[in-house]
1. Given the criteria of a type in the set (Val, Ile, Thr), part of a helix (DSSP H, G or I) and within 20 Å of the chain's Cα centre (by Cα), does Val212 qualify?
2. Answer yes or no: is there a residue in region 147-163 that is more than 20 Å from the chain's Cα centre (by Cα) and either surrounded by fewer than 17 Cβ atoms within 10 Å (Cβ to Cβ) or at pLDDT 95 or above (or both).
3. Of His234, His278, which residue is at pLDDT below 95 and in a loop (DSSP other than H, G, I, E, B)?
4. In region 82-104, how many residues are under 16 Å from Leu128 (Cα atoms) and touching a Leu at 6+ places or on another chain (Cβ under 7 Å)?
5. So, Leu187, is that one under 20 Å from Gly163 (Cα atoms), crowded, with 17+ Cβ neighbours inside 10 Å, touching a Leu at 6+ places or on another chain (Cβ under 7 Å) and of a type in the set (A, V, I, L, M, F, W, C) or not?
6. From the residues in region 254-273 that are out of contact with any Asp or Glu (no Cβ under 9 Å at 6 or more places or on another chain) and closer than 17 Å to Phe244 by Cα, which one is surrounded by the fewest Cβ atoms within 10 Å (Cβ to Cβ)?
7. From the list Ala93, Ala89, which one is buried (at least 22 other Cβ atoms within 10 Å of the Cβ), part of a helix (DSSP H, G or I) and either among the charged types (D, E, K, R) or more than 18 Å from the chain's Cα centre (by Cα) (or both)?
8. If you go through region 198-212 one residue at a time, do you hit one that is out of contact with any helix residue (DSSP H, G or I) (no Cβ under 9 Å at 6 or more places or on another chain) and on the phi > 0 side of the Ramachandran plot?
Amino acid sequence: MRVLVAGSRGLIGTALVTALAEAGHEVRRLVRGSGEYTWDPPAGRIDDNALKGVDAVVNLCGSSMVNRWSAARKQMITDSRVEPTEVLAEAVAEYEIPVLVNASAVGFYGDRGDRVLDETEPRGEGFLAHLCEAWEAAAAPAKRAGARVVHARTGLVLSRHGGLLGVLKPLFRFGLGGRLGDGKQYLPWISECDEAGALRFVLEHDSLSGPVNLAGPEPVTNAEFTRALGLALHRPAPWRVPAFALRLALGETADEMALVSQRAVPAALRDAGYAFIHPTVDAALAAAR
């Protein structure tokens, strides 16, 4: 399979490119600026050579959300996801490319407490939920053209190379780890290996389309995750960061990212036969140390 990957330089993109190459697939990296295959999403331009003969497109574009959200920051977060998706979906339609796998997030479900969330659940409320709805809707031109479109609703990726653990591990190693708020909120995690493996699986299995939760099969609460990370790093994690302190520091971001509860499960992957490399949070954290 010849796969064009946008966002290939990020944490997930780097892991996916490696996984695809190891499986014998040909990968083309679509990059901004200089490179073999270039594009300019704001201008709606893509190098024609990037799209010729391609069997599938994977779009992983999106700026970081780990900041206090101003109105301008929200617009940047939205534009960095919706705009590239629109451009790639139109290209998939024009060039009759059969598959588009487009990034999304479990943020689609909003704050849902301890309710188990599979792909049939409706959109929740909040900025991230509405963002994910717009993000997924931007892929509509590809679907209308007959492409198989997958919305990869990703959880928090556990990697030794950065991401969430890049922030948390130094704190835990200095004995500053602790749960957030009451710690009862569910945290939808997935290992880096399974994130890349699941994306590859989705590309290779025509039965999968629409929303697919990329999250580990055993979601845990923030308190459980905190204990597991402390054990993995051989450090105590006695502290608790009160919800009000998080809201003072992060504003709306605290409720949407740190205190939100999303008990997302990978029902579509499970039903299609995907076998997780790291089925528990302990295994995922051990691999990411």
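1. no
2. yes
3. His234
4. Here the count works out to 1.
5. The answer is yes for Leu187.
6. Out of the qualifying residues, it is Met257.
7. Matching residue, one of Ala93, Ala89: Ala89.
8. Within region 198-212 (the criterion being out of contact with any helix residue (DSSP H, G or I) (no Cβ under 9 Å at 6 or more places or on another chain) and on the phi > 0 side of the Ramachandran plot), the answer is no, since none of the residues qualifies.
The values are calculated or read from the model by the stated rules, or taken from the named source; none is laboratory data. Keep in mind that what you see is a predicted model, and the values were worked out from it rather than measured. Glycine also receives a Cβ, built like all others from the backbone with ideal geometry; neighbour counts cover every protein chain displayed.
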